[in-house]
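Comments concern the structure below.
The values are calculated or read from the model by the stated rules, or taken from the named source; none is laboratory data. Computed from a prediction, not measured in an experiment: that's the story for all the values here. Backbone-built Cβ (ideal geometry, glycine too); neighbour counts: all protein chains shown. Quick note on the areas: whole protein, heavy atoms, side chains included, nothing else; ligands and nucleic acids left out. Shrake-Rupley method; radii C 1.70, N 1.55, O 1.52, S 1.80 Å.
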Amino acid sequence: MIFFYFLVWRSFDFLIIFFSQKIIPYLGFFPYSDQLPRFNLPTWISALANFDGLHYISIARDGYAQYEQAFFPFYPLLIKFLSPLFSNNQLLTGLIISNVSFFLGLIVFYKYLRLILSDSIRFNPILSIIFLIAFPTSFFFGAVYTEGLFFLLLVSTLYFLKKEKYLFVVIFAFLASLTRLVGVFLIIPIAFHFIGLSFPRRRESKRSWIPASEGMTLMATLLGLVSYCLYLWQTTGDPFFFFSAQPAFGASRSTHLITFFQVYWRYFKIFFTAAHDFKYFVAIIEFSFFSFVLFILVLDLFKNFGIKNLKFEIKNFDLLGLNLFSLVNLIFPTLTGTFLSIPRFSLMSLSFFIYLTQIKNVFIKYIIVGIFLILHILLLGYFSQGYFVS
């Protein structure tokens, strides 16, 4: 069944790209865009490497160029080492890695949901997968981006954590933080899992909430980031060059921390003063996505708390940990002063999709999926034609 939904999603996206090329004028104003034809793939396939995808390919082929250290290394390393299997076609290799990773990730995600919500009779894990693949920016899972790979590493960490197979947790958490910066925040669901295990026994003994062995598992989330920082320190002299390099990409990002309340104010000024062009449309999308996902995650946060026998309690430590990770995943990128790419970053806020699945009103679910699909068609159509959408 998972393969069927994956196949529908993959076919649907290729059809959108194919017809968009006949309707939407090509823009293609992004670095390395002139290199797409050299990979000898149909344009409705190579379009999935637009924008950041070509940076990952460049890193895999030639190593880091100036400021490309903003992109974490595990994904381009995989492309580099696996591309000989695919005629040294880095674009094709990246697509295969992303799509295979996403498919495997969907299987693991389905199993994880059945584990974590096994006591919920009304919960259908397939609905979470439908919400996920219908989401307006889910096409990034199958593009030459880190989304597909990181999704697999994220859900694998969560799944093996719930199964209490901590060696696998260490491996996947390490690779996740070597793939994207937000991977380091997997320390949150890992910590809440261990706290949840210890909590019932806390009243009976003076046992530490997080013993040494569990502390080592927690540290795994930092190892990938630390490894990359050491590499940057050795090669650039700045261990945090992945952050320092952000402004070089002209994305209006700041290296000074800015609260999302300030970002809201910045976007309100955009809505009242900026010209009504394509960038204005993207700003509305970014603002709307952040607000909607944040609203759902806050609702989900309160859902994880309750009062029993006049005492405050946490209903599910694993779901609470995942919710807090989802919130950090959403809010952390805004600290650079923009909602840029939030529609894409929202994909890893998995609590958002779980909450939507639990909505009782079926009509509301249909409405949400319908809106998702309309926006999915629009955003993928423009992205494939070289317009920046996230």
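Of everything in segment 153-180, what is assigned to a loop (DSSP other than H, G, I, E, B) and either surrounded by 24 or more Cβ atoms within 10 Å (Cβ to Cβ) or in contact (Cβ under 8 Å) with a residue 60 or more places away in the chain (or both)? Give them in sequence order.
Selection gives Leu178, Thr179, Arg180.
Could you look through segment 356-373, keep only residues that are part of a helix (DSSP H, G or I) and touching a residue at least 40 places away in the same chain (Cβ under 8 Å), and pick out the one that is most open to solvent (accessible area, probe 1.4 Å)?
Leu373
Can you go through Phe325, Phe292 and tell me which one is within 28 Å of Gly142 (Cβ to Cβ), in contact with a Pro (Cβ under 6 Å, 6 or more places away or on another chain) and in a helix (DSSP H, G or I)?
Criteria check complete, one pass: Phe325.
Among the residues of segment 17-39, how many are within 29 Å of Arg180 (Cα to Cα) and either aromatic (Phe, Trp, Tyr) or open to solvent by 80 Å² or more (accessible area, probe 1.4 Å) (or both)?
Total meeting the criteria: 8.
Would segment 99-115 turn up any residue that is among the small types (Gly, Ala, Ser) and farther than 30 Å from Trp233 by Cα?
Among the residues of segment 99-115, at least one is among the small types (Gly, Ala, Ser) and farther than 30 Å from Trp233 by Cα, which makes the answer yes.
Matching residues to (1) within 17 Å of the chain's Cα centre (by Cα); (2) farther than 29 Å from Phe192 by Cβ; (3) open to solvent by 30 Å² or more (accessible area, probe 1.4 Å):
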residue	(1), (2), (3)
Ile270	no, yes, yes
Thr273	no, yes, yes
Asp277	no, yes, yes
Tyr280	no, yes, yes
Ser288	no, yes, yes
Phe292	yes, no, yes
Leu297	yes, no, no
Ser349	yes, no, no
Ile354	yes, no, no
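Which condition breaks for Ser138 when tested against (1) touching a helix residue (DSSP H, G or I) at 6+ places or on another chain (Cβ under 7 Å); (2) farther than 25 Å from Tyr159 by Cα?
With (1) touching a helix residue (DSSP H, G or I) at 6+ places or on another chain (Cβ under 7 Å); (2) farther than 25 Å from Tyr159 by Cα applied to Ser138, the lone miss is (2).
Here are some conditions: (1) part of a helix (DSSP H, G or I); (2) surrounded by 14 or more Cβ atoms within 10 Å (Cβ to Cβ); (3) within 21 Å of the chain's Cα centre (by Cα). Leu7 meets all but one. Which one does it not meet?
(2)
Among the residues of segment 60-75, count how many are outside any helix (DSSP H, G or I) and either modelled with pLDDT of 90 or more or at negative phi (or both).
The total comes to 7.
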